[in-house]
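Bear in mind these aren't lab numbers, they're just calculated from the coordinates by the rules spelled out. In this text the structure is predicted, and so the values were computed from the model without any measurement. Every residue, glycine as well, gets a Cβ built from its backbone with ideal geometry; the counts of neighbours run over all protein chains shown.
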Amino acid sequence: MRNVLEAALLTPTLVLALSMSAVAGPLEDAYVAYERGNYAIAVLLFRPLAEQGNAQAQAQLGFMFNSGRGVPQDYEQAAAWYRRSAEGGNAAGQYNLAMMYDKGHGVPQDYAQAVLWYRKSASQGDADAQLNLGVKYAKGEGVPLDYTQALKWHRKAAEQGLASAQYNLGLMYENGRGVSQDYIEALTFYRKAADQGLASAEYNLGLMYDNGRGVPPDYTEAVRWYRKSASQGNTRAQLNLGVKYAKGEGVHQDYVQAHLWFSLAASRSFSAADREIRDEAVENCDLVASMMTTSQIAEAHKLARDWRPSPQPRDEQPR
């Protein structure tokens, strides 16, 4: 199984990161209040600056309406402030307005408008906008499907170190989209993203070692990367890690650990798209349980109850 293209999502750190390097006076006071969690005060400080035409303040005020921080959540107000910021040339405002069109929050969903504003932000060097513009070209949303353009914008974002863009480049090289199929290049980009802790890249890197694509087969390395991904809650990695423990491939055979990972994969597969994973995990869990003692099953259940996912890196956190 392979994961799909990843896209960047709306994030408060985007606006803050683009703004804090050049703020002073009232605007700086507003950011300080925001960073301290004094959102109501931050709104009071951002609003007059935004009304005076400060594009940074407009973008941040838009985010606060979007997230409901210091004000009741209001997508229409958020989109209005993002638009004023975007029209003032602020890359963060452009990116966030694109996100509103992309998701249909506060404005009718319109992929063409999303592409327009992603492009403006991406042309200013915003890595998240470059990533999402690349995704639009790869999916043919708002623009004709064009893998060459998708590759171009993903590469720009990847060169800035964005893990999701590196992961998507790995997918494109592995599947020969926009480039000649090249498992070695795919492995290179998966590794870059995996080294940043991106669970989907860790999983795909595990698969490359498991199947010997771009690298000699190595079950031990496959297990290592499956474990990193599974520890963050990736259900595909949890399923595959369970299989490795059940078979004793790359790790000592251990039915308790196999049961644990199968159980987690089954319990965390919520969407219809995950039904195949859940069904396979349940079947495998029942199979290994038939070869376990009662005490072993009890131990596996306790491990599953006590299990907690490890923190996700910024690039993969919900934003």
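Among the lysines, which fall within straight-line cross-link reach of Lys103, defined as a Cα-Cα distance under 19 Å, with same-chain neighbours fewer than 8 residues apart omitted?
Straight-distance partners of Lys103: Lys120, Lys136, Lys139.
Along the principal axes of its C-alpha atoms, what lengths does region 121-264 span, in descending order and rounded to whole Å?
Result for region 121-264: principal-axis Cα extents of 52, 27, 24 Å.
Any chance you could run the full-extension gain for Asp182 through Lys152? It's 0.36 nm times the residue separation minus the Cα-Cα distance, nm to one decimal.
Numbers: separation 30, 0.36 × 30 = 10.80 nm, distance 1.67 nm.
Answer, rounded to one decimal: 9.1 nm.
May I ask for the net charge around Gln109, where only other residues with Cβ less than 12 Å from the Cβ of Gln109 are counted and Lys, Arg are +1 while Asp, Glu are -1?
On the way: positive: Lys103; negative: Asp102, Asp110, Glu141.
Within the 12 Å Cβ shell, the charges total -2.
For Lys192, go through the lysines and keep the ones whose alpha-carbon is under 21 Å away, minus same-chain ones fewer than eight residues off.
Partners within reach: Lys152, Lys156, Lys228.
Within region 192-279, report the chymotrypsin sites (Phe, Trp or Tyr not before Pro) that DSSP leaves as loop and that have at most 11 other Cβ atoms within 10 Å. List each step's numbers first, then the result.
Details: sites: Tyr203, Tyr209, Tyr219, Trp225, Tyr226, Tyr245, Tyr255, Trp261, Phe262, Phe270; in loops: Phe270.
Here the sparse-neighbourhood loop sites are Phe270.
How much FRET efficiency would the formula 1/(1 + (r/R0)^6) give for Ala272 and Lys247, where r is the Cβ-Cβ distance and R0 is 30 Å, rounded to 0.05? Present the calculation step by step, with values, prior to reporting the outcome.
Working: r = 29 Å, r/R0 = 0.96.
With R0 = 30 Å, the Cβ-Cβ based efficiency is 0.55.
Averaged across orientations, what area in nm² does the convex hull of the alpha carbons in the chain project? Intermediate results must be reported in sequence, preceding the final value.
Working: hull surface 70.2 nm².
Answer in nm², one decimal: 17.5.
Sticking with the crude label model, points 7 Å out along Cα→Cβ, report the distance from Thr293 to Gln124 in nm, one decimal please.
The answer from the label model is 6.6 nm.
What are the principal axis extents of the Cα atoms in region 218-311, in Å, biggest first?
Between the extreme Cα coordinates on each principal axis of region 218-311 lie 32, 31, 24 Å.
Taking Cα atoms, how many degrees apart are the long axis of helix 91-103 and the longest axis of the chain, rounded to 10 and kept between 0 and 90?
The answer is roughly 60 degrees.
For the chain, find the longest principal axis of its Cα atoms and tell me its angle to the long axis of helix 163-175, 0 to 90°, nearest 10.
The angle comes out near 60 degrees.
Considering only C-alpha atoms, what is the centroid distance from region 108-183 to region 56-79, in Å?
27
Between Val282 and Ala40, take the C-beta separation as r, use R0 = 51 Å, and let me know the FRET efficiency to the nearest 0.05. Please list the in-between numbers first.
Details: r = 48 Å, r/R0 = 0.95.
Rounded to the nearest 0.05, the efficiency is 0.60.
Need one number: nm distance between label points at Lys302 and Asp110, each 7 Å from Cα along Cα→Cβ, rounded to one decimal.
Between Lys302 and Asp110, the label points sit 6.0 nm apart.
Suppose each label sits 7 Å from its Cα in the direction of the beta carbon; what would the Glu159-Asn175 distance come out to in nanometres?
Distance between the two pseudo-spin positions: 2.4 nm.
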